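Each reported figure results from applying straightforward, stated rules to the coordinates on display, with no laboratory input. The structure presented is a predicted model; accordingly, all values stated were derived computationally and were not measured. FYI the Cβ positions are ideal-geometry reconstructions off the backbone, even for glycines, and counts take in every protein chain you see.
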Amino acid sequence: MNGADIRGLKELSPSNPIKPEREIPTSANVSAATSTLADLKSDFAFIISADLDFTQGPREKRIMRNVILSAAISFDGFIEGPNGEIDWITFGDEDGASDLMELVGAIDAVLYGRVSYEMWGNPEITEKSSDFEKNFYGSITKMDRYVFSTTKTEFEGNPIVVKDGAAELINDLKSQPGKNIWLYGGASLVTTFMNLDLVDEFWLGVMPVILGQGKPLIQNVEQRHKLKLKQSTASKSGAIGVRYETIR
């Protein structure tokens, strides 16, 4: 036996055992691994039970309903002329009709002030009405319509009359499933909603005309509202459609 063999036997002696490439599991190691696996299993089961119901499929995420202020305005921000005239609005052309029907498809409730409802909330649809009027107003009159009034309790068309509590009503509507909610106006109701921070989106049609005077869409607002542009389009008539969302 040469020197190399003797050195090899010393390395294999009980006082210097061979170290395996992988550590052999001990009872303590196995117990710890089992505990870790049980924890992972428990966590996984919690995630599954929280997010999925295998008897009914994945839960649907509820989308919050938005209050949309939609109106046609002059370039200088009026919704009516000094005598209540709206003949300056390019209403019902191909582009405008398309935008309004898109709005109708996105909502299922409409909010009016008393005067606005009496003028526009319950229109008479006849055989002479245009196809657009039949489709647009025919859809609107089938929706839930709310009239904010402190002076009257009944209106033609049987809308829901609201005397006060705008914030409570909107919070209740938003907690229910459904589509968006159209804030039709008028101007005083818009002011109330703006000061209560209840308007989520603005869909405005800006007409290519300056009136100089009249009834402004937004007035007497008490605080600043930051907005984010979502969309802008130009029509053949020169009107500009803009959509903003409120940043909170």
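Descriptive notes on the structure:
- Around SER74: net Lys/Arg minus Asp/Glu count, Cβ-Cβ under 14 Å: -3
- Computed over neighbours whose Cβ is under 9 Å from that of ASN122, the net charge equals -2, Lys and Arg +1, Asp and Glu -1.
- Placing +1 on the Cβ of every Lys and Arg and -1 on the Cβ of every Asp and Glu, with no other charges, gives segment 186-245 a dipole of roughly 260 debye about its Cα centre.
- Figure legend: label point modelled 7 angstrom from the Cα of MET143 along Cα→Cβ; residues of segment 149-186 with amide N under 11 Å from it are 179-185.
- Which of LEU196, TYR137, ILE218, positive extreme of dipole for segment 120-227 (C-beta unit charges): ILE218
- Extension gain for MET64-ASN135 works out to 22.9 nm (0.36 nm per residue, less the C-alpha to C-alpha distance).
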